[in-house]
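Q: For reference, the structure I am asking about is given below.
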Amino acid sequence: MTLVEIIVVIFIISLFASIAFLNLPKIQGSFALSSAVYELAQNIRTAENNALTGVGKTSYVVSFDLSNPKQYSINGNSINIDKTNAGILIKEFDDETGKINNPVSITFTPPNPITTITGTSGSEVDIVLSLDSDPTQTKTVFVNTSGLIGVR
């Protein structure tokens, strides 16, 4: 190898490293948003599974209110959406027709469970989370009345 080849390789490696370093906050925000969305979906699934077992309660309610977009509640217990302080919040709620009213709650009633969504006349609700610093970066958790819970 010649000295010129070594210098070119070092230049290319430093160029990639600087690009990665400059995009680091955006990448961290994206990972934090993905983590928050999957945790929200898992918490909704846990409420649904608790209703499947039918132990202890007559219903399990997951509530969302845009007046406090950084948290939601399950049976009255508040849960912070943004555990990493990356500026994650609930941006909006959607259904088949577009944006829907606030607040929204999802109720799972045992034993089968029956899924009821209040705040929409449709059969599905999309809970859209975004980064406060970049509102164009969004992820969505959807729940429908047949009990399907997923992430888009």
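Q: Residues of segment 36-67 being modelled with pLDDT of 95 or more and either touching a Phe, Trp or Tyr at 6+ places or on another chain (Cβ under 6 Å) or among the polar types (S, T, N, Q) (or both), which ones?
A: Of everything in segment 36-67, those that are modelled with pLDDT of 95 or more and either touching a Phe, Trp or Tyr at 6+ places or on another chain (Cβ under 6 Å) or among the polar types (S, T, N, Q) (or both) turn out to be GLN42, ASN43, SER63, PHE64.
Q: Please specify each residue of segment 104-152 satisfying the condition of being among the polar types (S, T, N, Q) and assigned to a loop (DSSP other than H, G, I, E, B).
A: Here is the first cut: in segment 104-152, the residues among the polar types (S, T, N, Q) are 105, 107, 109, 112, 115-116, 118, 120-121, 123, 130, 133, 136-138, 140, 144-146.
Of everything in segment 104-152, those that are among the polar types (S, T, N, Q) and assigned to a loop (DSSP other than H, G, I, E, B) turn out to be ASN112, THR120, SER121, SER123, SER133, THR136, GLN137, THR145, SER146.
Q: Please list, ordered by first then second residue, the pairs with beta carbon atoms under 6 Å, 6 or more apart or interchain, first in segment 134-151 and over 14 Å from ALA86 (Cβ atoms), second in a loop (DSSP other than H, G, I, E, B).
A: Going by the 6 Å Cβ cut-off, the qualifying pairs are THR140/ARG152; ASN144/SER123; THR145/SER123.
Q: Same structure, new question: Keeping to segment 35-75, report how many residues are in contact (Cβ under 8 Å) with a residue 12 or more places away in the chain, assigned to a helix (DSSP H, G or I) and of a type outside the set (Ser, Thr, Tyr).
A: Total satisfying the criteria: 13.
Q: While we're on this one: Looking at (1) small (Gly, Ala, Ser); (2) in a strand (DSSP E or B); (3) within 14 Å of the chain's Cα centre (by Cα), find the lone condition where SER78 falls short.
A: Unmet condition: (3).
Q: Return a yes/no flag: does segment 52-63 have any residue that is under 18 Å from the mean Cα position of the chain (by Cα) and under 17 Å from LEU33 (Cα atoms). Step through it out loud before you land on a result.
A: In the first step, residues of segment 52-63 are kept if they are under 18 Å from the mean Cα position of the chain (by Cα); the result is 61-63.
With the extra rule that they be under 17 Å from LEU33 (Cα atoms), the set shrinks to none.
Scanning segment 52-63 turns up no residue that is under 18 Å from the mean Cα position of the chain (by Cα) and under 17 Å from LEU33 (Cα atoms).
Q: A further question on this structure: Quick one: which residue in ASN85, ASN101 is closer than 24 Å to LYS26 by Cα, at pLDDT below 95 and in a loop (DSSP other than H, G, I, E, B)?
A: Working: ASN101 fails: closer than 24 Å to LYS26 by Cα.
Just one listed residue meets the conditions, ASN85.
Q: Considering only residues that are surrounded by fewer than 18 Cβ atoms within 10 Å (Cβ to Cβ) and of a type in the set (Val, Ile, Thr), look in segment 62-95 and name the one that is farthest from ILE106 (Cα to Cα).
A: So the residue we want is THR84.
Q: Just give me the residues in segment 96-147 being out of contact with any Ser or Thr (no Cβ under 9 Å at 6 or more places or on another chain) and loosely packed, with under 14 Cβ neighbours inside 10 Å, in sequence order.
A: Within segment 96-147, GLY98, LYS99, ASN112, SER133, PRO135 meet the criteria.
The values are calculated or read from the model by the stated rules, or taken from the named source; none is laboratory data. In this text the structure is predicted, and so the values were computed from the model without any measurement. With ideal geometry, Cβ positions are generated from the backbone for all residues, glycine too; neighbour counts draw on all protein chains shown.
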